[in-house]
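Reading through the structure tokens given below for one structure.
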Amino acid sequence: FGVMIEEGILPDARCFNHVIHACARGGQAQRAEYWLKRLLSESRRGQPQPAQPAQPAQQQHGLQYEGRVRTSRCKDLIPTRHSFVHAAEAFTKAGLWQDVERLFVQMEGLGITQDDLTLN
């Protein structure tokens, strides 16, 4: 993740979700929540901007998408149900059910509904 940032490649929600999931699998509940909070913080920055024409390949710093470089951080950084489920997984493994409830309340407050996976 850090190398990606250093190379000028902007992460999207999927990248954050992978980091959150890795932390959860490693039993690092606080670290998983740190990355969830960072995703939430990043998703609130600025307003969506239209994509700009792509530069020559050797000058690009960003991800290619249909011949354009993505410049909008908002659209690609919206937390998903998976963001919260992965973070909650770490607290579940630690037996911290109050934190699981807190995350799901926060998730629903953002308009992300629970499904069969979150209710199991």
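The values are calculated or read from the model by the stated rules, or taken from the named source; none is laboratory data. This one's a predicted model, so the numbers in the text were calculated from it and none came from an experiment. A quick note on method: Cβ atoms are made from the backbone with ideal geometry, for glycine too, and the neighbour counts reach across all protein chains shown. The protein model used for the area step is the full one, side chains on, heavy atoms only, and it has no ligands, DNA or RNA in it. Shrake-Rupley method; radii C 1.70, N 1.55, O 1.52, S 1.80 Å.
Annotations
- Looking across the stretch 1-34, just one residue is of a type in the set (Phe, Trp, Tyr) and either under 11 Å from ILE78 (Cα atoms) or touching a residue at least 24 places away in the same chain (Cβ under 8 Å) (or both), and that is PHE16.
- The helices (runs of 4 or more DSSP H) found wholly in the stretch 10-98 and carrying at least 2 residues that are open to solvent by 50 Å² or more (accessible area, probe 1.4 Å), at pLDDT 95 or above and under 30 Å from LEU119 (Cα atoms) occupy 13-25, 29-43.
- Residue tally, condition under 10 Å from SER83 (Cβ atoms) and not small (Gly, Ala, Ser), over the stretch 1-18: 3
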